[in-house]
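The values are calculated or read from the model by the stated rules, or taken from the named source; none is laboratory data. All figures in this text were calculated on a predicted structure; none of them were measured in a lab. Positions of Cβ are backbone-derived with ideal geometry, glycine not excepted, and every protein chain shown enters the neighbour counts. Note: areas computed on protein heavy atoms with side chains; ligands, DNA, RNA excluded. Shrake-Rupley method; radii C 1.70, N 1.55, O 1.52, S 1.80 Å.
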Amino acid sequence: MHDLPPTQATDTLGDDQALRLRADFPALAQSVNGHPLVYLDSGATSQKPTAVLDAERRYLETTNAAVHRGAHTLAANATELYEDARATVAAFVGVDADEIVWTSNATEGINLVAYAFSNASVGRGGAAAERFRLGVGDEIVVTEAEHHSNLVPWQELAFRTGATLRFVPVDDDGVIRAEAAAEVIGERTRIVTFTHVSNVTGAVSPVAEIVALAHDVGALVVLDACQSAPHLPLDLRALDVDFAVFSGHKMLAPTGIGALYGRSELLNAMPPFLTGGSMITTVTMEESAYLPAPQRFEAGTQRVSQVIALAEAVRYLDAVGMERIAAHEHALGERLLAGLADIPGVRVLGPPDSAGRAGLVAIDVEGVHAHDVGQFLDDRGIAARVGHHCAQPLHRRLGVTASTRASTYLYNTTADVDAFLEGVAGVRSFFGEE
Ligand SMILES: Cc1ncc(COP(=O)(O)O)c(C=O)c1O
């Protein structure tokens, strides 16, 4: 594990410290297509430090047992580690342990909430679940900037319940504005859901303003924290959202583990999504009674090693310091924007300046399809994401079908950014466009 100096609030990492951290990530040491790997796709998934890989392996080698079942020593140890991990991850995002539900990823977390609403709408959950019932005349508010994960489940919920899906339009830069949300949120609104940080524009949403608008009309807020939890200091209690989701694989942990935050009283009033073993108190042939949250939402044998690994990832991020990580990525994002502004034929999607932006940038290269841009960069060892990044409506609104995205993390340096800029600068001439 790294031995960086202690965190200071105004501090940033800088290239030296980012390089020292990079040594913790075995995957980043390789060459790709004859070039040292330049990994700029952490927005899709992050690389994993040895400490996280070791924690998962150690657990599997020494403990490995089903949690919340069995009285033997390994099962008791596994349960303790599993619940300690919940407390660690909860503290990382500023909430209580019993307000964190383990999921496979953010997508499952959003589906869990949407299905809890539709189960309540067909009468499941009794009087406690009344507040989650939706029907004709009720409105679910989403934004035009959402990842499909935070759009499709709400479309389906609307179909199942007869509720209406309404959209907050983004501005010409693709940014969610509170004024636009105010036009759409009203007396019929029951749910307001939006992304904290856009995975396309990197724009940070005005969370406090939108939460206030939603709560004023008694609506519940679901925050997609997929692109914020890994990159910014996050205090969900202070943000006052009712639910939030994030994915472990984007924050140094393995795939297969994510988290749903829900305010305790909401989780305990909600009917379950997945049902089966481990989430019940009593079962007869006709019906079942359910455990309180979070167990109520964790049906079946759980992914314990991934949970342990996520807690280790969070410890790693905490040790580096989230303020510092955010400042470092912001500086890299600023360099990306400044460099891209000087390359003819390249359009940056999203706000042109770095204020209110996280360290990721998506571009359109005039005359060259994003997949060709991606291939050209990959030939030079540069990993960037191409396509619509699961955000077709936002791309459509910005007048493109696809883009090329560079997304930074704590292990990236200015040299990575410069390699990307140099690569992009060569694209159009290579494809005969200048
Ligand atoms: C903003 C945003 N929301 C949701 C998701 C979905 O995450 P997952 O596929 O891990 O569930 C992503 C992943 O790219 C994302 O960037």
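What number goes with the only condition from (1) touching a Phe, Trp or Tyr at 6+ places or on another chain (Cβ under 9 Å); (2) farther than 20 Å from Pro49 by Cα that Ser264 does not pass?
The one condition Ser264 does not meet is (1).
I'd like the full set of residues that are of a type in the set (Asp, Glu) and touching a residue at least 40 places away in the same chain (Cβ under 8 Å), limited to the range 55-83.
Glu56
Those residues that are surrounded by 15 or more Cβ atoms within 10 Å (Cβ to Cβ) and part of a helix (DSSP H, G or I), I need them from the range 21-51; list them, please.
Leu21, Arg22, Leu28, Ala51
For the range 168-178, indicate whether the set of residues that are over 21 Å from the mean Cα position of the chain (by Cα) and under 27 Å from Ala269 (Cα atoms) is non-empty.
Scanning the range 168-178, I find no residue that is over 21 Å from the mean Cα position of the chain (by Cα) and under 27 Å from Ala269 (Cα atoms), so the answer is no.
Quick check, is Ala182 on the phi < 0 side of the Ramachandran plot and away from the ligand (no atom under 16 Å from the Cβ)? Walk me through it before giving the result.
Numbers: on the phi < 0 side of the Ramachandran plot: yes; away from the ligand (no atom under 16 Å from the Cβ): yes.
Criteria met by Ala182.
If a residue has to be more than 18 Å from Val197 (Cβ to Cβ), in a helix (DSSP H, G or I) and acidic (Asp, Glu) to count, how many in the range 305-359 make the cut?
2
Taking the criterion of being within 14 Å of the ligand (Cβ to nearest atom), under 30 Å from Ala44 (Cβ atoms) and at pLDDT 95 or above, would at least one residue in the range 117-139 satisfy it? Lay out the reasoning, then the answer.
First pass over the range 117-139, keeping only residues within 14 Å of the ligand (Cβ to nearest atom): none.
No.
Can you tell me which of Val307, Val283 is modelled with pLDDT of 95 or more and buried (at least 22 other Cβ atoms within 10 Å of the Cβ)?
Of Val307, Val283, the one residue that is modelled with pLDDT of 95 or more and buried (at least 22 other Cβ atoms within 10 Å of the Cβ) is Val307.
Please tell me if Phe159 is within 20 Å of Ala225 (Cβ to Cβ) and among the aromatic types (Phe, Trp, Tyr).
So Phe159 fails the test.
Checking Asn33 against (1) under 20 Å from Gly321 (Cβ atoms); (2) in contact with an Asp or Glu (Cβ under 6 Å, 6 or more places away or on another chain), which single condition isn't satisfied?
(1)
Gly321 fails exactly one of the following numbered conditions: (1) in contact with an Asp or Glu (Cβ under 9 Å, 6 or more places away or on another chain); (2) at positive phi; (3) modelled with pLDDT under 95. What is the number of that condition?
In the conditions (1) in contact with an Asp or Glu (Cβ under 9 Å, 6 or more places away or on another chain); (2) at positive phi; (3) modelled with pLDDT under 95, Gly321 misses (3) alone.
Can you go through Val424, Val346 and tell me which one is of a type in the set (A, V, I, L, M), open to solvent by less than 50 Å² (accessible area, probe 1.4 Å), over 27 Å from His148 (Cα atoms) and in contact (Cβ under 8 Å) with a residue 24 or more places away in the chain?
Within the list Val424, Val346, the selection yields Val424.
Scan the range 374-396 for residues that are away from the ligand (no atom under 13 Å from the Cβ) and without any contact (Cβ under 8 Å) to a residue 40 or more places away in the chain and report the count.
4
Provide a single number: the residues in the range 193-206 that are touching a helix residue (DSSP H, G or I) at 6+ places or on another chain (Cβ under 7 Å) and within 15 Å of the ligand (Cβ to nearest atom).
6
Of the conditions (1) touching a Lys or Arg at 6+ places or on another chain (Cβ under 6 Å); (2) crowded, with 24+ Cβ neighbours inside 10 Å, Asp364 fails just one. Which one is it?
Of everything listed in (1) touching a Lys or Arg at 6+ places or on another chain (Cβ under 6 Å); (2) crowded, with 24+ Cβ neighbours inside 10 Å, Asp364 misses just condition (2).
Name the one entry in Thr88, Thr107, Thr79 that is polar (S, T, N, Q) and within 16 Å of the ligand (Cβ to nearest atom).
Numbers: Thr88 fails: within 16 Å of the ligand (Cβ to nearest atom); Thr79 fails: within 16 Å of the ligand (Cβ to nearest atom).
Matching residue, one of Thr88, Thr107, Thr79: Thr107.
Within the range 364-434, considering only helices (runs of 4 or more DSSP H) that don't extend past its boundaries, which have at least 2 residues that are under 27 Å from Val170 (Cα atoms)?
On the way: elements: 370-379, 392-397, 414-430.
Here the list reads 370-379, 392-397.
Does Ile176 qualify as being of a type in the set (Val, Ile, Thr) and within 16 Å of the ligand (Cβ to nearest atom)?
Yes.
Within the range 207-301, considering only helices (runs of 4 or more DSSP H) that don't extend past its boundaries, which have at least 2 residues that are away from the ligand (no atom under 16 Å from the Cβ) and within 25 Å of Ala182 (Cα to Cα)?
Output list reads 207-216, 236-239.
Considering Asp98, Asp41, which residue is of a type in the set (Asp, Glu), in contact (Cβ under 8 Å) with a residue 60 or more places away in the chain and more than 17 Å from Pro230 (Cβ to Cβ)?
Criteria check complete, one pass: Asp98.
Just to be sure before I move on: is Glu187 over 13 Å from Ala145 (Cα atoms), touching a helix residue (DSSP H, G or I) at 6+ places or on another chain (Cβ under 6 Å) and more than 14 Å from the ligand (Cβ to nearest atom) in the structure I sent?
No, not satisfied.
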